[in-house]
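For reference, the structure is listed below as structure tokens.
The values are calculated or read from the model by the stated rules, or taken from the named source; none is laboratory data. Bear in mind the structure is a predicted one, so any value in this text is a computation, not a measurement. Note that we place each Cβ from the backbone using ideal geometry, even for glycine, and neighbour counts take in every protein chain shown. The accessibility values were calculated without ligands, DNA or RNA, using every heavy atom of the protein model including side chains. Shrake-Rupley method; radii C 1.70, N 1.55, O 1.52, S 1.80 Å.
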Amino acid sequence: MAGLTSMRRADSTQAARARARMVERLRTQGIRDERVLAAMQSIPRHLFVEEGLAYSAYDDTALPIGFQQTISQPYVVARMIETLRAGRELGRTLEIGAGCGYQAAVLSLLAADVYTVERIRPLLDRARENLRPLRLPNVRLKCADGALGLAEAAPFDTIIVAAAALGVPQALKDQLAPGGRLMIPVGGNDQRLLLIERQGQVFRESWCEPVRFVPLLIGTE
Ligand code: SAH
């Protein structure tokens, strides 16, 4: 895949093939939602990582994106979105932790509107740069502490958190629309995905698989 390094700014047949292999692997890992698989086939993940890492962009690993943060592993992105979608549309969607913007791009093909917040401003600027050439009209980015949600755009049908919290921030639950779903990694060293579904004032929780995310931190920088 070394040739990918010289093709960072352009998508290519070679990159599309690497993505097709990634999608096949996601199928063998149990991802069944064809719309999620199609979205991951379309978004050029190698354009979201540093040039020197483009050759690993389609491996099933998290990769560094600077500022001690990582782009999530393709399997985890697919699994989270598939679980959130099950039997419904994503609708108005909030992502906490834009990072390099990759997951927001995937979400944009599946959701009506995507709001993504990131606490590290230079990383958010990079995400904006990464997303610009893809011209995705339904993605909005903001530098903010996502633990507070995004009150100005609430309520959300879907909230997806890309950093691990020790507990579920109340603001996120409050900003869920009726029938809305929230997925968040919970824990410190030992993390698990938690799915929360809102039915009126009842929040139904189900624990999903173990994961490893960077921590959800407080404030912006
Ligand atoms: N979805 C990203 C992966 C992001 S990694 C992608 O596709 O690349 C998690 C991100 O969450 C990091 O960029 C980190 O800075 C951010 N983050 C951590 N705590 C946060 C908070 N309270 N509010 C907003 N972003 C936060």
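Results, tabulated for the structure shown:
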| item | result |
| --- | --- |
| The range 176-221: number of residues that are away from the ligand (no atom under 12 Å from the Cβ), assigned to a loop (DSSP other than H, G, I, E, B) and open to solvent by 20 Å² or more (accessible area, probe 1.4 Å) | 5 |
| Any chance residue 70 is touching a Ser or Thr at 6+ places or on another chain (Cβ under 6 Å) and either closer than 20 Å to residue 156 by Cα or in contact (Cβ under 8 Å) with a residue 40 or more places away in the chain (or both) | no |
| Single condition residue 92 does not satisfy, out of (1) open to solvent by 10 Å² or more (accessible area, probe 1.4 Å); (2) out of contact with any Phe, Trp or Tyr (no Cβ under 6 Å at 6 or more places or on another chain) | (2) |
| Residues located in the range 10-28, provided they are open to solvent by less than 60 Å² (accessible area, probe 1.4 Å) and in a loop (DSSP other than H, G, I, E, B) | 10, 12 |
| Identity of the residue in the range 118-165, acidic (Asp, Glu) and touching a Leu at 6+ places or on another chain (Cβ under 8 Å), that ends up nearest to residue 199 (Cα to Cα) | 157 |
| Qualifying position, being surrounded by 22 or more Cβ atoms within 10 Å (Cβ to Cβ), over 15 Å from residue 161 (Cβ atoms) and either away from the ligand (no atom under 12 Å from the Cβ) or small (Gly, Ala, Ser) (or both), among 62, 86, 57 | 57 |
| First in the range 119-131 and within 20 Å of residue 215 (Cα to Cα), second anywhere and small (Gly, Ala, Ser) and in a helix (DSSP H, G or I), Cβ under 8 Å, 6 or more apart | 119/146; 127/104 |
| Filter pass, residue 35 being open to solvent by 80 Å² or more (accessible area, probe 1.4 Å), assigned to a helix (DSSP H, G or I) and basic (Lys, Arg) | yes |
| Output for the range 109-138, where each listed residue is crowded, with 24+ Cβ neighbours inside 10 Å, closer than 21 Å to residue 86 by Cβ and either in contact with a Gly (Cβ under 9 Å, 6 or more places away or on another chain) or of a type in the set (Gly, Ala, Ser) (or both) | 111 |
| Within the range 102-145, tally of residues that are away from the ligand (no atom under 11 Å from the Cβ) and of a type in the set (D, E, K, R) | 7 |
